[in-house]
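Visitor: I'd like to ask you about the structure that follows.
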Amino acid sequence: MQVDDTAHGPLAGFTVGVTAARRAEELGTLLRRRGAAVLHAPALRIVQLADDSELLSATKELIGHAPDVAVATTAIGFRGWIEAADGWGVGDALLETLRGAELLARGPKVKGAIRAAGLTETWSPGSESMAEVLDRLLSEGVAGRRIALQLHGEPLPGFVESLTAAGAEVVVVPVYRWTPPQDIAPLDRMLDVTAARGLDAITFTSAPAAASFLGRAETRGLLPEILGALRDDVLVACVGPVTALPLQARGIDTLQPERFRLGPLVQLMCAQLPSAARILPVAGHRVEIRGHAVLVDAELRTVPPAGMALLRALARRPGWVVARADLLRALPGSGSDEHAVETAMARLRSALGVPRLIQTVVKRGYRLALDPSADTKYGR
């Protein structure tokens, strides 16, 4: 039986972390429209280099010695470069230099930025992949050619090295760079929530953000807990394969859309997160256990964290009695007083709206009232 998610959204009941600095509001809106609770903490800060001497030096070098090929990797970066050159009074000279080069654009948005500047791209890969750009350059032959590469925040892994090894002269254009966020507190809170398995999914839209997230975890001594959570319990969604590299280097599996865009990324999460939810037939009701909420016959019921911890402990062995001592250990920050279990259980039953879903077994503990027809399926 499929549940109609149109009433509450396919991501209702799930908490999703957003680490983006740029376009975070757009991604958060897409997720919230589909019902998700969103926790935002930028993992980095973008620093524009309009006043940076390194960018000015690279620009003047290219104007003085024109490249054979220019590679534009991001729309925001290319626009920023042209605007900075205008501010320095060399905008027309830069455009004329680029007009005489073979101009490669990584994707549609970059093409739009190039055309808005009055230029025309020579070629753009269908995959929007820098790997395809590299393959084209190497297949054409780059020995003795001068190539301008507009960076997208950090050196592209192996890109410059491959071109240099093939005999090219590469001039990197650092249009903007990444730094740690000015306020590190939100990122630290997200790390704490991730380590505690308080997120159902986390999104990354750039490789530097992924590297910064892991780097901060390592600085705080949380890396083992974070890696464990990302490998076992938290869905890791990346906008594309380049973004996923720092995570995959740590042995973390990632989810990636076929088209490297925010919309397809959210659509993929809408398909994946609900499919991982636990669904049980309990006391004549369909119970779907999500991240911070439960669907009882398609009605969304928000459950406190302590209640969710108890419900998950009961659902690990549906229909079986779970002792109070075991449930106490499942509670966040559990102490030694089993009365805490009774209090949390009362709140859980109230939140679910159907108290009989959970049965009290006198002097033994509690059990989910699994329907008799499901006993064999769930191992009784």
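The values are calculated or read from the model by the stated rules, or taken from the named source; none is laboratory data. Everything numeric here is computed off the predicted structure, so don't read it as measured data. Counting neighbours? That spans all protein chains shown, and the Cβs are built from the backbone with ideal geometry, glycine included. Quick note on the areas: whole protein, heavy atoms, side chains included, nothing else; ligands and nucleic acids left out. Shrake-Rupley method; radii C 1.70, N 1.55, O 1.52, S 1.80 Å.
Visitor: Out of Leu262, Leu273, which single residue is under 15 Å from the mean Cα position of the chain (by Cα) and closer than 30 Å to Arg317 by Cα?
Guide: Leu273
Visitor: Looking at (1) more than 26 Å from Ala276 (Cβ to Cβ); (2) assigned to a loop (DSSP other than H, G, I, E, B); (3) within 18 Å of the chain's Cα centre (by Cα), can you tell me which one Ala211 breaks?
Guide: It fails just one condition, (2).
Visitor: I'm trying to understand the selection: among the residues of segment 213-244, which are surrounded by fewer than 17 Cβ atoms within 10 Å (Cβ to Cβ) and either among the charged types (D, E, K, R) or closer than 21 Å to Pro181 by Cβ (or both)?
Guide: Gly215, Glu218, Thr219, Arg220, Gly221, Arg231, Asp232, Asp233
Visitor: Return only the number of the condition from (1) open to solvent by less than 70 Å² (accessible area, probe 1.4 Å); (2) more than 22 Å from Ala143 (Cα to Cα); (3) at pLDDT 90 or above; (4) not hydrophobic (A, V, I, L, M, F, W, C) that Gly80 does not satisfy.
Guide: Among (1) open to solvent by less than 70 Å² (accessible area, probe 1.4 Å); (2) more than 22 Å from Ala143 (Cα to Cα); (3) at pLDDT 90 or above; (4) not hydrophobic (A, V, I, L, M, F, W, C), the lone unmet condition for Gly80 is (3).
Visitor: Still on this structure, please answer the following. Quickly run through segment 331-347 and pick out the residues that are closer than 24 Å to Ile279 by Cα and open to solvent by 80 Å² or more (accessible area, probe 1.4 Å).
Guide: Hits for segment 331-347 are Pro332, Arg347.
Visitor: Determine whether Ser57 is over 23 Å from Arg145 (Cβ atoms) and among the polar types (S, T, N, Q).
Guide: Considered against the rule, which asks whether it is over 23 Å from Arg145 (Cβ atoms) and among the polar types (S, T, N, Q), Ser57 comes out as no.
Visitor: Which ones in segment 91-148 are open to solvent by less than 20 Å² (accessible area, probe 1.4 Å) and of a type in the set (Gly, Ala, Ser)?
Guide: Gly91, Ala101, Ala105, Gly107, Ala113, Ala148
Visitor: Being modelled with pLDDT of 95 or more, open to solvent by less than 30 Å² (accessible area, probe 1.4 Å) and within 24 Å of Thr164 (Cα to Cα): is that true of Thr73 here?
Guide: no
Visitor: Could you identify the single residue in Leu62, Leu31, Leu55 that is part of a helix (DSSP H, G or I) and modelled with pLDDT under 90?
Guide: From the options Leu62, Leu31, Leu55, the qualifying one is Leu55.
Visitor: In segment 180-211, what count of residues is obtained for those that are surrounded by 16 or more Cβ atoms within 10 Å (Cβ to Cβ) and touching a strand residue (DSSP E or B) at 6+ places or on another chain (Cβ under 7 Å)?
Guide: 13
Visitor: So in segment 310-330, with the set limited to residues that are touching a Leu at 6+ places or on another chain (Cβ under 7 Å) and farther than 20 Å from His285 by Cα, which one is surrounded by the fewest Cβ atoms within 10 Å (Cβ to Cβ)?
Guide: The extreme case among them is Ala330.
Visitor: Shifting gears a bit: Can you go through Ala43, Ala36, Ala66 and tell me which one is buried (at least 23 other Cβ atoms within 10 Å of the Cβ) and touching a helix residue (DSSP H, G or I) at 6+ places or on another chain (Cβ under 6 Å)?
Guide: Ala43
Visitor: How many residues are in a loop (DSSP other than H, G, I, E, B), closer than 13 Å to Ala148 by Cβ and of a type in the set (Phe, Trp, Tyr) if we restrict to segment 65-123?
Guide: So the count comes out to 0.
Visitor: Which numbered condition in (1) within 26 Å of Gly291 (Cα to Cα); (2) open to solvent by 10 Å² or more (accessible area, probe 1.4 Å) is the only one that Arg177 fails?
Guide: In the conditions (1) within 26 Å of Gly291 (Cα to Cα); (2) open to solvent by 10 Å² or more (accessible area, probe 1.4 Å), Arg177 misses (1) alone.
Visitor: Could you please find all residues in segment 248-307 being of a type in the set (D, E, K, R), outside any strand (DSSP E or B) and either open to solvent by 50 Å² or more (accessible area, probe 1.4 Å) or over 22 Å from Asp233 (Cβ atoms) (or both)?
Guide: Residues satisfying the conditions are Arg250, Asp253, Glu258, Arg259, Arg261, Asp297.
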